[in-house]
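Read the structure below first, then the notes.
The values are calculated or read from the model by the stated rules, or taken from the named source; none is laboratory data. Remember, it's a predicted structure, so these values are computed and weren't measured experimentally. Virtual Cβ from ideal backbone geometry, glycine too; neighbours counted across all protein chains shown. These area figures cover heavy atoms from the full protein model, side chains too; ligands, DNA and RNA do not enter into them. Shrake-Rupley method; radii C 1.70, N 1.55, O 1.52, S 1.80 Å.
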Amino acid sequence: AALKGGLRSQVSAALKEGRVTPTELCQRCLALIKSTKFLNAYITVAEETALKQAKESEERYKRGQPLGILDGIPVAVKDNFNTAGIETTCASNMLKGYISPYNATVVQKLLDQGAVLLGKTNLDEFAMGSGSTDGVFGPVRNPWSYSKQYKEKSVPKSHSEDEESDWVITGGSSGGSAAAVSSFTCFAALGSDTGGSTRNPAAHCGVVGLKPTYGLISRHGLIPLVNSMDVPGILTRCVDDAAVLLGSLAGHDPKDSTTIQDDFRPFELPDLPDVSKLSIGIPKEYHAPGLSSEILALWSKAADLFKNAGAKVVEVSLPHTRYSIVCYHVLCTAEVASNMARFDGLEYGHRSDKKESTESMYAATRREGFNDVVRGRILSGNYFLLKQNSEKYFVKALKVRRLIANDFVKVFRSGVDILLTPTTLSDAAPYMEFIQEDNRTRSAQDDILTQAANMAGLPAINVPTALSERGLPVGLQFIGRSFQEKQLLTVAKWFEKQVQFPMIQLEEVKRHDSSVFQHQKSASFS
């Protein structure tokens, strides 16, 4: 019971007082990873390494010298962050078996503060997707598919229908990390966010997903998708824990020239946040085609919550939002084409056996190593970058990106403090329904409410808000001013307290391993 609160106030205190040891926490998480293997949330489980790290943490606690709040806390990392000694695959045949010689800066910072790395989580291949269904290791299943809340509201399937396919997606591309946090197999996880890849799965899996301001957290060691938009993301079960992780990871990194030069001061969020003096903006353009009536109603109720608390709620306009998804597609594929050029079969990763010539080896390597989605984006990007096309597409998209960023600047200069929007158009889609459409179409639909924050480099957070009529999580998004994470997280914490999102009741896991689940539930901090 002592471990049901937040990281700072409960779990760390319990570890210091000896009510639970880092090894016990680690063993419980590892046992639950095994009993939830059917979710396919993890690509690699580093059991031996994790137990060794937990033992070292235990020794520090015995000496009364813990390294900080994260010492002994089990965490997971998306499999597109480099980890020394642990395979990094990006869920692709191109990097199967690749072991990096160094840790990504964010991974190293977690380890330096005593966190226990349980393993690497599943994703769409090279983070290109919005369902975590297109990786070479198979799709990730949403833990809520096996929850009591969903099972009670779903229509029973006839015996002729395949029960195995009766599950919903996690969203993506950081679906493995979101599923890992949601199913209690770790206390926090790292994702990456290029166009919503942390916030989208956070919304579908009922967890908090934070995309920090571009440049606040180092990208060094994050295998790049779109350099000008990629940001390491944070997934936790409550807003306070996201603030703890942010305080541990943010700050200048000499290995990443795009990080801020100033030192970052970690902060604690107030226990009783006050929103009465704030101005909350409701962008009318986010009432997008395809937005479900359920989410529209929740969005409206959320605005009323702020109004009733004394905040000023105003409708605002971000006029260039309508062009943002097309602009994002051009810029994203152009940078993908450039970044994927490094995978040529010469220095690392997969190399084809075809040796007729260097050119044939290049071509065969990339054909065998990349899936259709990655190859399609490379082709699109190279087309947009052709000499005769670059002015018409790439340069024009850069100009529109500037207009989109300026829209946000104008709104914030008008006195608005925080923007409140939906995170996704609807709750999580059934897997069999989701795969009917191609990756590009799905990504365009699923990124529509999230990618503008990436193009403007702004901080944004998903806060789980309620369960849909189908018993699945729905989240709302808050977008803040650049480098104003404290204000953003304070508002998110206030909202989190108001909505009281329910804890997942994992019936399926109880059937797999009742005792493990009960142990782990007592060790959660959501």
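Give me the distance in nm between label points sitting 7 Å out from Cα along the Cα-to-Cβ direction at V326 and K410, one decimal.
1.9
Taking the Cα centre of each part, how many Å lie between the stretch 201-239 and the stretch 386-428?
18
Round to the nearest 0.05 the FRET efficiency obtained for K399 and K497 when R0 = 30 Å and r is the Cβ-Cβ distance. Let's see the in-between values first.
Numbers: r = 42 Å, r/R0 = 1.40.
That pair, K399 with K497, gives E of 0.10.
So how do 61-68, 215-222, 440-447 stack up, highest first, on mean other-Cβ count within 10 Å? Present the calculation step by step, with values, prior to reporting the outcome.
Working: 61-68: 13.0, 215-222: 23.2, 440-447: 20.8.
In descending order of packing, they fall as 215-222, 440-447, 61-68.
Run the accessible area of the chain with a 1.4 Å probe and give the carbon-and-sulfur part as a rounded percent.
Values: 10330 of 20720 Å².
Of the solvent-accessible surface of the chain, carbon and sulfur hold 50 percent.
Residue by residue, what Karplus-based ³J(HN,Hα) values in Hz, rounded to whole numbers, does the stretch 316-325 have, using 6.51, -1.76 and 1.60 with θ = phi - 60° and x for Gly and Pro?
Rounded to whole hertz, the list is 10, 10, 10, x, 8, 4, 4, 9, 5, 5.
Provide the per-residue ³J(HN,Hα) series for the stretch 69-83, in order, calculated from phi with Karplus coefficients 6.51, -1.76, 1.60 and θ = phi - 60°, each as a whole number of Hz, with x at glycine and proline positions.
In residue order, the calculated couplings are 4, 7, 4, x, 8, x, 10, 10, 10, 4, 7, 10, 9, 5, 9 Hz.
So how much accessible area does H350 have, in Å² to the nearest 10, using a 1.4 Å probe?
Looks like 50 Å² after rounding.
Using only the Cα atoms of the chain, build the gyration tensor, take square roots of its eigenvalues as a ≥ b ≥ c, and label the shape rounded, prolate or oblate: rounded if a/c is under 1.5, else prolate if a/b is larger than b/c, else oblate. The partial results should precede the final answer.
Details: a/c = 1.29, a/b = 1.07, b/c = 1.21.
Judged from the Cα gyration tensor, the chain comes out rounded (a/c under 1.5).
With label points built 7 Å along Cα→Cβ from the Cα atoms of H287 and N389, find their separation and express it in nm.
That separation, rounded to one decimal, is 3.7 nm.
List the relative contact order of the chain as a percent without decimals, with contacts defined as Cα pairs under 8 Å and 6+ residues apart.
Working: 1193 pairs, mean separation 103.0, N = 526.
Reported relative contact order: 20 percent.
Place the peptides 81-91, 372-382, 118-128, 196-206 in order of packing, highest mean first, counting for every residue the other Cβ atoms within 10 Å and averaging per peptide.
Details: 81-91: 22.1, 372-382: 18.3, 118-128: 29.5, 196-206: 34.8.
Highest mean packing first, the order is 196-206, 118-128, 81-91, 372-382.
Based on the mean of other beta carbon atoms within 10 Å per residue, what is the order of 486-493, 94-101, 146-153, 238-245, most packed first? Present the calculation step by step, with values, prior to reporting the outcome.
Numbers: 486-493: 23.1, 94-101: 16.6, 146-153: 19.0, 238-245: 26.5.
So the peptides 486-493, 94-101, 146-153, 238-245, ranked by packing, come out 238-245, 486-493, 146-153, 94-101.
Determine the percent antiparallel among the DSSP beta bridges restricted to the chain, to the nearest 5. Working shown, then result.
Values: 32 of 47 bridges.
Just about 70 percent of them are antiparallel.
Calculate, in nm to one decimal, what D353 and K312 gain on full extension: separation in residues at 0.36 nm each, minus their alpha carbon distance.
Working: separation 41, 0.36 × 41 = 14.76 nm, distance 6.44 nm.
Length gained between D353 and K312: 8.3 nm.
What is the distance in Å between the Cα centroid of the stretch 250-320 and that of the stretch 80-158?
27
Using the beta-carbon distance between E437 and K34 and R0 = 41 Å, what value does 1/(1 + (r/R0)^6) give for FRET efficiency, to the nearest 0.05?
Details: r = 34 Å, r/R0 = 0.82.
Efficiency, from the Cβ-Cβ distance: 0.75.
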